[in-house]
Structure formats: structure tokens, C-alpha cells
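The values are calculated or read from the model by the stated rules, or taken from the named source; none is laboratory data. Not measured: the values here are computed from a predicted model. Reconstructed Cβ throughout: ideal geometry from the backbone, glycine too, with neighbour counts over all protein chains shown. In case anyone asks, the SASA skips ligands and DNA or RNA and just uses the protein heavy atoms, side chains included. Shrake-Rupley method; radii C 1.70, N 1.55, O 1.52, S 1.80 Å.
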Amino acid sequence: LLNSCFPARLSGMTAGPGEGTITIYFGTQTGRAEAFAHELSEDSSKRGLSCRVVDLEEFSPETFASQPLALLLMSNTGDGEPTDNAVNFYRWLVDSKTPTDSLKGMAFAVFGLGDRHYVNFNRVGKVVDERLEALGAKRLYARGVGDESKDIVSDFSKWKCDELWKAVEKIVGPGATNGREVEVEAVEPLLRCVEICKPLSPTTGLQPVDALSKFYFQASAAKVSRVVELRQKAAIANGESTVHIEIDVSGNDSLKNYAAGGTLEILPQNCPGDVEELLPLLGLQAADLNHVVELPAGSAKAPFPMPCTLREALTLYCDLRRAPSRRMLLALKSRLEPNVRDSVDRLLSDELAMRILQDEGLGWTQCEFWAAMGVQRLDVGAFLLHCPRQRSRPYTIASSPCATPDQIHVVVSLLGRPVMQLDEAVKVLMTKGVLPSQCRVSRSGLSYGVCSKWMCSELKPSDTVLVRVRPSSFQLVQKDVPLVMIGAGAGVAPFRAFWAEIAVKKRRSAPVALFFGCRHPEQDWIYRSEMEEASSGKEAVLSHLFTAFSRQDGTGAFVPSVRCGRYVQDMLRVQSLHARQMLAQGGVCYLCGANAMGEAVLAILGEVLEGGPEEVQKLQREGRLIQELWGSAPAPLKVAELLAAETADVEPEKKRRRTSLEVNESGVLALIEQRRSIFPKDYTGLAVPDNQVQKMLEAARWAPTHGKTEPWRFVVFSGEGRNRLIDATLDWYASRDSSFWKVAWNNEFKVFADFKAHVERQRTEKWLKCSHLVSICMRRQQPEVGKRQFPEHEEVAAVACAVQNMHLAATSMRVGAYWSSWFEHFTGSAEGVKFHNLCHAEGDRWMGIFCIGQSDKIGQYRASRRPVEEISEWRS
């Protein structure tokens, strides 16, 4: 361990200042754009082209304008603003005083990174692309668009294809460095690990080595003063916890200067178990964690503040829950055993294999990957330098400096979900020769977010946290106008800050309405007493408090009942008159919470405004709709599908239609024989990927029809959409009188309570075990004037063929599916028709629900069948 050292950097990843023909700039907040920039640099080196990678924080107009060719990778914040390191560049670029010929002679290409769930998706990339051209630069390649909410790695891979490099070589010429690939060069040691007992004092004047490291040097250390569980019924083991955290910022001007509803970035800590699990791989024991990592005298840059203990380095600065990056693999490759080195080479050269490793939904950890590779020992110094950096997490501030000037409050909900099994990914990587045969990676239990798990279960008063305040557009308007605030769960955080500030300033006379949603008023209604206090009395800050509880049963109704609803968007619809009047008076609408909730609210908001999406967009343009939404945990990569796409010879659809059809008869018949309805009890409850469901819908397109268009329409309910479908069904039946129950289903259910109990059992045991419920309607084809309508029986037959195709597609993907007629009274009612949004013309008929879920019973059912001779006869 003593005096362990490792190289400072990979040369060849960047060139020295002024040496590169190609300059790759990046603007990044999370490190993604920086990683992509270095990937471009690798590709450049492989093609024999000289380049250098530049952090836009080092931007100067003169240097930038002198570059013959610039590739720019531009992220933006959720507000659509430039990242911290690109602010100066962006301001210069959009400044009307910048001469329009400033960049004449430069060629450029831009790749923008963003998240489509945010309103200003990819705004910075788009603006940079347009402004570079406006200032005289020549666009050599179309702007790329990367979407974090989908598959941004795939987006980037498609953009940086051969066509990009052909365009680049037209500017710089081929093989600017004669095809030479630059090797890793040995340099002087950067760090030392030593055993010392003296008190540690940080080295001053150090600079971060990369974009993510900047946070470690710029953040402030602050003490936690209070941690309180907010849920009435919390269960951390089940992933159910929401905590209120108070951080002492007295004596720190950079933190005290915060705004209500602003953003606090918090650096998470790895759990001790993850650190301990890593020790054998690094050849360490628990006592070694007290050893010190320090810099040699005269060092200018560091990956994190030093000196520090190994415990601090591994706990704070290394992302142990993230797989090795491409740069880490390149850096550590030379230190591995020859057979492992060959496997790493295969991994680095295989795009699909790298995507499987890097996929955030699959969530490979450092220990899982190196154990799967058969690596038993890594150099501790090399690991510390090249392990992916731990990223800070942004939280919306739930306090106002007017009310608590020496404290910042945040709300954190525990993020837990069933672990994703890696069996399929491991199998593919073994097939590709990346992992050794017989490799196994076992997982069990729940998977938690690193930061939320630490803050909800381990953080305690007097602990120190690294934090930084960041500005946000989610701010309380100063004008005295009506406010409509909509949030669910922890999404109420900024509104708590708002009502606290309003209460202190006492300057607002316009009405303030809060729409808040959670599951149950006696289980997870956070800040309940504060909301009730703020909405009562003569000096009530909240003129209206509307609540919605999505999991509340009939016996636990909260009084007054007008406050009860299913989801927060349902309550918005119920109180549409209030909301519409407030917004008509120049009011501002705030929306905070999960993306799914936000999308549902925006759809209802269009109804509230009585103008649809156009009115919602108008509200956004006027700056009177302010959103802060966040996504759920990323979905895992569809490994089998990507592997099939990689090996398939895919032809354009029209060409495929013209070619002769080759059918594997035995394979088709075997598929048909396996096509059984999988019973609900045999569903695992795991999700079927959306793209597989999309393929089933695509399969329906190829069912034989009578003519020009398909006589069917689908609506897919997934996630909370399934519960909304079930809840809407129950709501309709709840309004039926006793005469209805005497005849419905031959009086099987005596009263509504019997029916509801049946439905709730079905919800748990059946429908929620399916990840998708596809509602299907037969759409009667409406002929042109003078032409006949096709017979109804032809329409029914066509829909049956479509469903059969969907069944076959499901079986081919080893996915379970069954048909449910659902509840015909509801689906045939005006309310049901409106809810499903299926039937639009006279004669349309709701057919049922196609239920889709994961099952390990595909092909195992052997129902008895009558001989075909008994059910058919031949007439010639």
C-alpha cells in the first residue's frame, strides 16, 4: 500500500494546447458531455487525427475563434440554461454585440444533450448550433440530439458515425498524424498512499482535473441539524420513507444567499457495506482505510481535495455503484492479466457490449463487473484516479431565507425498486467473449438510489455534508397575482418554501391554491399539519387546499370530502373553475413532481383552460407555467432485442414486401402450439419493456383486413395508468343503484361492496402483475358518401386476427399475454367511452383488454384439445 502511485493521465486522449487540428469542447453538469468528448478524442486518435479536448470553462473569444474545426458537446440544465462551465461561452455567443463575422473560417458540429421531459429540451445545443452559423462559422454536420430519458448513448453513437468523420476529414484531411495511435505514456506519480498520524490540513491552490471534480473543490461543508421522518407509516426495508432534513448554513454566506424553491446540490456518500465489499479487490483491510492519500509537493491538479483518508476517498469521491467507464478500462488495461486484457479489448471494440456495461438501468457496480471479469486485484492508486467520479444530486429547497435564514431544508424520498437481474446481459457478454464462461452475477432484494438511501437511513444530526446552492428558475413571483401550485409527494418541497415566505412578508392579497397528492392521508401525507395550519384561520396563507389520495379506501375518507380525490390531476379537474379563474386573472401555475404526474396534470390543464395543448403552450411562453419535474429510475437496456437487431439483416419495409417469403414451417407451427394464454397466477410481476409491447402493436398492423385501414384502435395503460383504469371502473360502478346489482352478472354481487372487494383482489392478484393493459376497440370504417360500409362481422374478424398476431408476437418474445373482457357496463357507458378515448363513430365497439406481463410459464400449458377430425369436415 505504501507509496502506491499511478499515471496522471492518458496521453493521446488530449493534445497539448495549440497542437490539435480538431478541438472538442464540452459543456457539462454531470460529466456526461465530458465523457462523450473523450470518446470523440479516442475515435479521432484511431483515425490518425490530432485533436484536443477543452473544458468550456477555459473559453476565451480569441482562442475559440482561431480554431479551424470545433466539435461541441453541449448539455443544459433542466431550466434550459447553459451548464456552469459554459456560461461565459454562451453569453458571448448570444450577445448581440458579438460581430457577425467573428467565426468566419471555422467549421463546426454540435451534439446537444438533454432530457425530453423538461420543457426546454436541448435548448442550449439548438441555440449554440444556430448562433455559430450566425457568427460566420460553417456547419459541417447536422446537429445531434441526445435524450437522457431514453437511450442517449445510442443517440451519440449514431451521431458520431462514419459520416461525421468523413465530413471532418474533408476539412482537416485524412490521417493528420499518419494513422499513429498514441499509447499510454508513463509519467511521474501523481498520488501517494501513506500511513501517517498527523492531523490533515488541505493543500491550498489545487485545481480539479475534470468537470465533475469541480464540485468537490467548490462545495461547502455544512452540519446537519435535524432529520425527521415525514411519513406517518414508513418502512425503509420496503423503500417507503420520506425525510425532512435541516442543514445549518450560519456563517456561510455562499449558502445563506439561497432562494425559496432554489436548488441545493448534495454530494452523496457510499454506504459502508459497498466500501467494505471493495476492499479485497484493492488488496486492503478495514484498518487500511485510515491511510492517507496525498499529493507530491508542487502538484497543481487533483481528482479530489487532498490530503484525505482512503475512507474519505472511497466513500465520497468514487461512484462504486457505477460500472467502469471507457476511460477507466483503457487506463487499467495494461495492469490486468493477459487473458483479462484480451477480454477488455473485445469489450472496448464492441459497441453493444459497452452499452450493456454502461446501461444505468442494468446498474452494474464496480465489484460486480470486476468479479465477473475474474479480476482479483486492482491497484488502489489506479482505481482512485480512474473510478467514475461521484456526482452531486440536486434537491429543491423546501425553506425560505425569510423564515429560516440560518437553515436550508430539503425533502428526500427513498428511491427503491426490485433489483434488475443480469442473467440476460451476462449471457450476451459471455457469447461475445467478454466474460468468462460459467460467469454468474447474483442479485436479490431491492435496489436503492445511493443518495436517497444514505439520506433516509444513515444521515443523522451533527453529520457533515458537502453542498452547494445553485440558482433555479423555479422562483416565487414578486407580483401579487394568484398562484396555482400543484405537487405530489416530495414535489411539495418548493411550495412549502413559498408559503413560508408569503407568511413572513405578508404582502400578498391574491389567492394561493395548493393541489397536493399522495397515497393515503394516514400513511404518507407529508407536512400535513403545516398545510392545514397554512390553510386555516384569518391569516391563512393558502386560500385553497385541495388534496387527492390515490390509495384511500372507502372507510378512511378525509373530511371534508370535497378534498378527496384519486390523483392530483383528478382534483385539478374537479376544481377546474377555481383554477381557471385564478389563471384568467394573470395567475402563475407551478408544477413540481414526477414526470408521469406532470404529464397527466398538463393534459388536464388543457381542459381546465378550455383550449387544449395550445393554451398550455401559451401559458409556458408567457412564463406563467413553471415546471420542475424528475424522471423515474432508468429502464434497463433491452439486451435481447438489441442483440437481435445487431445480427439481423434488416431491409426497408417496401423492399421486404417485394421479396419472396421464406417460412420455417416447423418453427411457425411450434410457435402457434406454444401460443397459450398465461394465467395471471403465473405472472412474475416484472415489467415487459415498452418496446416489446410496441412490437406487439406493430404485429397487429399485419393482420389481414378488408381494405384500406385497420378497424381497431389501442390505448396502452402502464404504470399508474393501470390503477387509474381500475379506479375509474370502480367509480362508475359505485354510482349504480340496488336494481342494477340484482341483474348484473346474475346477481353474483349483492351490493357494490362485494363487487369492489372482488375487483381489489383482481387488482393485486391479476392486473398489477401485468405491466401493460391494452384496451382494444373495433373502429367501424366510415365510408365516403355513396359507398357501402363493410359488414360488421368483417370488422370483428379483422380485430380477432390482430389480437392473434399480438399473441404470436408475445410468444415469440417469451412474454405472457391473455385476453380479458373487462367490465362491459363501464366500457359501454358514456363515461367509459370518454375514459378510454376509443370510440368515436357510430357502431364503434369496445372489445376488451389485452393483458401483457412477464412469465416463466411460456409454452408449458398443455390444454386438452379435440382431434381436428371432430371439429372439421372436408367438402370437395
Kindly write out, for the stretch 329-334 in residue order, the coupling ³J(HN,Hα) from the Karplus curve 6.51 cos²θ - 1.76 cosθ + 1.60 (θ = phi - 60°), rounded to whole Hz, with x marking Gly and Pro. 4, 4, 6, 8, 4, 5
Within 14 Å, Cβ to Cβ, of GLU133, how many net charges do the neighbouring residues add up to if Lys/Arg are +1 and Asp/Glu are -1? +3
Leaving ligands, DNA and RNA out of it, report the carbon-plus-sulfur percent of the accessible area of the chain at a 1.4 Å probe. 50
Quick one: Kirkwood hydrodynamic radius for the stretch 359-457, alpha-carbon pairs, angstrom, one decimal? 16.9
quick note, the chain, DSSP beta bridge pairs, % antiparallel (nearest 5) is 55
Sequence order, the stretch 212-218: Karplus ³J(HN,Hα) from phi using 6.51 cos²θ - 1.76 cosθ + 1.60, θ = phi - 60°, Hz rounded, Gly and Pro as x, gives 5, 5, 4, 4, 4, 8, 9
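Rg(Cα) of the stretch 209-363 divided by 2.2 N^0.38 Å?
The reported ratio for this selection is 1.32.
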Tilt relative to the chain, helix 493-505 - C-alpha long axis, 0 to 90 degrees, to 10: 80
At 1.4 Å probe size, what's the solvent-accessible area of VAL469? Round to the nearest 10 Å². 40
Note, ³J(HN,Hα) from phi for the stretch 612-617, Karplus 6.51, -1.76, 1.60, rounded to Hz, x at Gly and Pro: x, x, 4, 5, 5, 5
Per residue, what volume in Å³ does the convex hull of the Cα atoms of the stretch 704-787 enclose? 177
Quick check: net charge around ASN88, other residues with Cβ under 12 Å of its Cβ, Lys/Arg +1 and Asp/Glu -1? -4
Quick calc: nm separation of the 7 Å Cα→Cβ label points for SER50 and CYS402 -> 6.0
Rg ratio (alpha-carbon, reference 2.2 N^0.38 Å) - the chain: 1.04
Cα extents of the stretch 450-506 along the three principal axes, largest first, in whole Å? 41, 22, 21
Across bins of 10 angstrom width beginning at 0, how are the C-alpha pair distances of the stretch 340-405 distributed, in whole percent? 14, 37, 22, 10, 10, 5, 0
With Rh as the Kirkwood radius over Cα pairs, the stretch 431-590 has Rg/Rh of 1.13
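Report the equivalent ellipsoid semi-axes for the stretch 40-178 in whole Å, largest first, defined as the square roots of five times the eigenvalues of the gyration tensor built from alpha carbon atoms.
Rounded to whole Å, the semi-axes are 23, 20, 12.
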Degrees separating the helix 690-701 axis from the principal Cα axis of the chain, which is the longest one: 40
For the stretch 408-497, alpha-carbon Rg over 2.2 N^0.38 Å: 1.76
Hey, could you grab the Kirkwood Rh for the stretch 292-378? Inverse mean 1/r over distinct alpha carbon pairs, Å, one decimal. 14.7
How far is the Cα center of the stretch 683-749 from the Cα center of the stretch 775-849, in Å? 10
Under 5 Å between amide hydrogens, which residues at least 5 positions from LEU69 or on another chain qualify, with H placed 1.01 Å from N in the peptide plane? THR23, ALA107
